[in-house]
Structures are given as C-alpha cells and as structure tokens.
1. Within a 10 angstrom radius of each residue's Cβ in B:259-271, how many Cβ atoms of other chains show up on average? Whole number is fine.
2. Only Lys, Arg, Asp and Glu count, each charged at its Cβ (+1, +1, -1, -1), so figure out the dipole size of segment B:90-270 about its Cα centre, rounded to 20 debye.
3. Residues of segment B:118-160 losing 10 Å² or more of accessible surface, assembly versus chain alone, probe 1.4 Å, please list them.
4. Please list the helices of chain B that count as membrane-span-like by this rule: a mean Kyte-Doolittle hydropathy of at least -1.0 together with Cα atoms stretching 24 Å or more along the helix axis, each helix being a complete DSSP H run.
5. Charges only on Cβ, +1 for Lys and Arg, -1 for Asp and Glu: so what's the dipole of chain B about the Cα centre, in debye to the nearest 20?
6. Positive end of the dipole of segment B:90-270, charges at C-beta (+1 Lys, Arg; -1 Asp, Glu), about the Cα centre: which of B:Gly259, B:Ile231, B:Met165 has its Cα farthest in that direction?
7. Please state, rounded to one decimal and in Å, the Kirkwood hydrodynamic radius that segment B:90-270 gives when every pair of distinct Cα atoms enters the mean of 1/r.
8. Within segment B:110-197, which chymotrypsin sites (Phe, Trp or Tyr not before Pro) sit in a loop by DSSP and count at most 13 neighbouring Cβ atoms inside 10 Å?
Amino acid sequence: MSMYTEEIDNMSDKSRAQLFDFVEATDGQAEDIAYSNYSYWRSTWKSFLKNRVAVFLLVMVCIIVAFTMFQPYLPAQKSPTEIYLDDQTGLQARNIAPNAEFWFGTNSIGQDLWSRIWAGTRTSLMIGCVVALVEAFVGITIGTLWGFSRKLEMPITQLYNVVDNIPTTIVLILMSYILRPSISTIIIAMCITGWVEMARFIRNQIVILRDREYNLASKCLGTSDYRIIIKNLLPYLISVIMLRMSLAIPFAIGAEVFLTYIGLGLPISEPSLGNLINEGRVLMMSPDLRYQLIFPSIVLSIMTIAFYIIGNAFADAADPKNHV
Amino acid sequence: MLWYVGKRLLQSIVTLFIIITIVFSLLRLMPEEGYLGAAAEKMSAAQKEVYLTNLGLRDPLLVQLGNFYADLLQGDLGKSVTYRTDVPVVTILADKIMYSLFFGLGAVGISLLIGVPLGILMAQMKGRWLDRLGTGYIVFVVAVPAAVYYLVIQMYITDIFHLPMLFDEYKPITWLLPLTSMALAPTASYAMWMRRYMVDELNKDYIKLARAKGVKERTLMFSHVLRNAFIPMAQYLPATILFTITGSIYIESLYSIPGMGGLLVDAIQRQDNTIVQGLVLVFSSLGIIGLILGDIAMALVDPRIKLGKGESVR
C-alpha cells in the first residue's frame, strides 16, 4: 500500500515537473490579456481606406492644399495682384485668352488669372478652416454645457431660440454691412451663427446619452463630470463632429461667394474664390471671356465636392458600429 | 390645438420683438453716409450734423428705439435715401413683394411636388439605378455652390433653347428658368430626407409584422410607411422657406426680377440704410413665420405630438 502511494506521489511530482513550466510574469503582462489591441483611430483609418473614392479625393485635396502653399515659390509665377502691361502698346494686358505666358489668361484689368486662382483658393480655404475650427470649439463647449448642466439648460435654450430664429443669411449680410468687408469680418459673421447647429446637435445627443447605465455606473464609481464628458460622451459624437466640420468648410466658401456676389465680399485687392467668380460673372455674356468664370468655378466645385465626400466617408468610418 | 397655436404665436411675437430690437441697435452702427445719400460729398461737417439731428439720429438711443417702434406700428419704415430718393420704403416694398412671393412659393411648391415623390421612389428602389441617379443629383446640388450652377443654367440653357436671358413679366416662358433654378436645391433636400425617413421606417418591426400578416405592398407603403415618414418631413418646410430668401437674392438679381432679393443687393450697393433695415425686418419676420408654420404642420401630421406641454428643442 505504502509503496503504491509513494509511486503515485513520485509520478505526480514527475508529471508536474514535465507538464508545466512556471513562467516568470509581471503585472504588466497580466494586464495585456484584459485588453484587445483595438485602437479606435487605427480602425477608423482602416475603414476609411476601404472607401477608394474618398481616399483618392483626400489625396487630391492634400495635393491642392500643398500646391496653394508652394505655388508662389515655384519658378515663372506671376504676382496675383500686379497689373501686367502689354509690351508693345504699354496698355494693360486686358482679357488675354489663356496662352504660354498667362496660363489661365488675364482678367479685365490685366492681372494673371493662374496666380489669382491659387491665391484665392488659399484665402478661401483659410477662411473655411478657421470657421470650421471655431464652430467646432464653441459648438462643442456650449452644446456640452447645455446638455449636461441642468442649471444652464433654461438660459441657453432661450438664447438658442432667439439666435436660431434669425436667418443666417440676414446675420451675414448685416454683419458685413456694418463692419468693413475683410477676412476677419467674414469669419466673425459666419462664426456668430455657425455654432448654433453644432451646439444643438451635441446637446440633443448628450441628453440622450448622459443618463445611460454606463454613465450612471461611472458616476457611482466617483468619476468626475469632466472625465465623464471627455471619456464617455464626446467619443460617441466624433463621427458627427467630423461630418459637421467637413461640411462647414464648403459652406464657408459658399457663403464667401454669396457675400461677394451681393457686394459685401472681400476687396478686389484680396483675391478669393468669391471675388474671382464675381469678376467672371460680369463678363459671362461674351463667350470668349467665359474662361474667367469657368476656371475658378471648377476649382471651387472640386473643393466642395471633395470635402463633402471625404466628410461623409470619414463620418461613416469614425462610427465604431462600422468597425470590424 | 388652438391654444397651442395661440401660445406659439405669442412666443414668436416676443422673439420678433427681441430680434427687431437687436437689428435696430445693430443698424445704429451702420455707416452714417448711408443716411446722407448722394449729397454727402458736398456737405460740410456742420451740415451733416444738422441733417442727422433732423433725422433724429442724435437723440438718446432709447428715444430712437421708441420712435422706431411708434413708426413701425403705423407701418412706416422711413424713406429711401439713395435708391429712390424720399419715396417711403413701404411703397417700394409693396411693389416688390408680389414678385418675391410668387417665385418663393412657386419654388417651394415645385420642389414639394417633385422632391417628395422622388424620395419615395428612391426609397422603394433602394440601390437600383433611380436611387443612384437621385443620390448623384443630391450630392451635386449640395456640393456645387449655388452661385455656380445658377449661372451655368442661365448661360447654357438659354443658349440651347434660345430663351431670353432676362425676366420679362409679359412672357411667361421667362418665368420658367428662375423658378426651376430656385426649386433645384429644396427638391434635393426633400428627396434626401424623404428617402432617409422612408428607409428608416421600412426597417422597423411593425412593417415586418404587417408584411407577415400579408398586407399588400401598396397599402403598406402608402398608409403605414408614408404616413409615419411624413412626420419629420413637416419640419423641413420652414427651412425651405428660409432657403428661398437666399435663393431669391441670387436668382432675382441674375434674371433682373424686380423682387425683394434683387432690391437688397441694389440697396446694399448704393448704401441705402433705410431700405436695408426694412428688408432685414421683412426677411426675419418671414423666417419666424416659416418656423411657426413648420411647428403647426408637425402637430397636424402627428397626433402623438402634444406640443402644449413639455416642449422640447427641435
């Protein structure tokens, strides 16, 4: 009997030694098992890459943006504001059709259209980006406070009712009529009304999300409000925020065109897409000069369509429900 | 219902009051040349001062505000400065408002008639050619700036069909292009939202149940899906009305239609403060009326919405 027990003990000792190797482990390694290596931004990027059209447009927009930055430093470029004179007659080189010297021709007072288009794209893009950033910042801040704080709900709702009731166009027109037309005027006028939409959307989403169980649980565990907003609520809204921001850029460019159209845009000395289209519009009655309208319109249309499609694709990709 | 409409109207009057006051105080910041007119360059500083004092612009702000409201209640918006010198603004607006109403409402009507059925068809044929065609159209209208396609339409369509380029009251054929161009964008937004709500509604459980019960596809579409999809659509009515304001500004000055939008462009270019002020008031009131109509339409379409109590932000 005792012999058998000894035998069994030996066996189990042996097998323990052979079958299992004890591994040195640190606490950090133990944590690894608890999390998958899922990364939100990497997955977003991956599903964005699947949309070929959007990737193509993104590359194109990057090239255009880079080109507008570097264009003045390239060789054989003309100044966007200088008025060129004809060598033989000494008069202004007006309305010259596209040729080897003036790639896109000249406008009605003899400025080079090629460089004006790129300078104009730079101005318009700058306006668009600033407006989109300000709108996002103000909209998110006010929207979160509005949705999260019960004390601030009433006053902000009242403010919203007033601001939302004034047509955006009217505010744009009034602001630019009162202030002098300049880049900052246009930016201010667009920001005054732009944040409203974003704030309302963020507020509605936060009201829906703030009392869900996971937030209740967080609260019971003693998470601060700030952390709940930053970590639990806002990540939910990234796709919407991105969509709104990417739409804000074409909208801002469109609004700039509109303001120039009704005579409240930037001065002629400040080339912008709005200015160029407006100059071209005056001349469109004569078919030979239509190129002055067509070139800026093409650039403008490409930019707006690209931003629209990229924004939509990115919003889809940023939605975790679409991640693998 | 009546009680609700009454309350809503009262609320809007308060909002309108606030907006008018804001607009008024903003307009005091407007360039003063806008009150002097063509004679501004010949006047000495003292003459300008006397002129402005006579207009009441040197009174304390509250007195000015009081006068402004007193005049407004009598339907007096002041006199034009440079556009048509010394003609009351109300008279000028009265001439113009019919054109703007005709084109604005006409465009909304057309876009409802085309956009809603288009959206329904797109939802029914989801993923097929009509849906793709419609989506392409929507992307085009949303993404290409209005200024550009309005111009392209005016330039090329008039060329192709040998139509006159400018508006002529006595030739109804010239009404067609402005109306169509103005209707393009609202049509796209109606179609887009109608399609989205129809598709959302089609995926719901009660539709599956109705299908399983053997309800005919036609009945299902029209009395179940459409009825429910229409509810959120009602709130896009005011947005469209607001849009026609912007549309009219472009279109009216492009086709030289003698309406309010074209007037605004003219008045701004000639720095006519009183006309700008009058037009801003008219446009903001239109905007507010649009919002009320949208809310009422929503309450009418959806019997579940009791807007009287516990109102929420749209």
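The values are calculated or read from the model by the stated rules, or taken from the named source; none is laboratory data. Keep in mind it's a predicted model, so treat the numbers as computed, not measured. Virtual Cβ from ideal backbone geometry, glycine too; neighbours counted across all protein chains shown. Just the protein is used for accessible areas: all its heavy atoms, side chains included, with ligands, DNA and RNA removed. Shrake-Rupley method; radii C 1.70, N 1.55, O 1.52, S 1.80 Å.
1. On the way: counts 0, 0, 2, 1, 0, 5, 5, 2, 3, 6, 3, 1, 2.
The shielding value for this peptide is 2.
2. On the way: 15 positive and 11 negative charges, 216 e Å.
Taking the Cα centre of segment B:90-270 as origin, the dipole is about 1040 debye.
3. Checking the loss per residue gives B:Val139, B:Val142, B:Ala143, B:Val144, B:Pro145, B:Ala147, B:Val148, B:Leu151, B:Gln154, B:Met155, B:Tyr156, B:Asp159.
4. Working: long enough: B:2-27 (37 Å, 1.77); B:89-124 (50 Å, 1.74); B:173-202 (42 Å, 0.51); B:236-254 (26 Å, 1.17); B:273-301 (42 Å, 1.93).
Those that clear 24 Å and a mean of -1.0 are B:2-27, B:89-124, B:173-202, B:236-254, B:273-301.
5. Numbers: 27 positive and 23 negative charges, 365 e Å.
Dipole about the Cα centre, nearest 20: 1760 debye.
6. B:Ile231
7. Values: mean 1/r = 0.0555 Å⁻¹.
Its Kirkwood hydrodynamic radius stands at 18.0 Å.
8. Values: sites: B:Trp129, B:Tyr137, B:Phe140, B:Tyr149, B:Tyr150, B:Tyr156, B:Phe161, B:Phe167, B:Tyr170, B:Trp175, B:Tyr190, B:Trp193, B:Tyr197; in loops: B:Phe167, B:Tyr170.
In loop regions of segment B:110-197 (DSSP not H, G, I, E or B), the sparsely surrounded chymotrypsin sites (Phe, Trp or Tyr not before Pro) are B:Tyr170.
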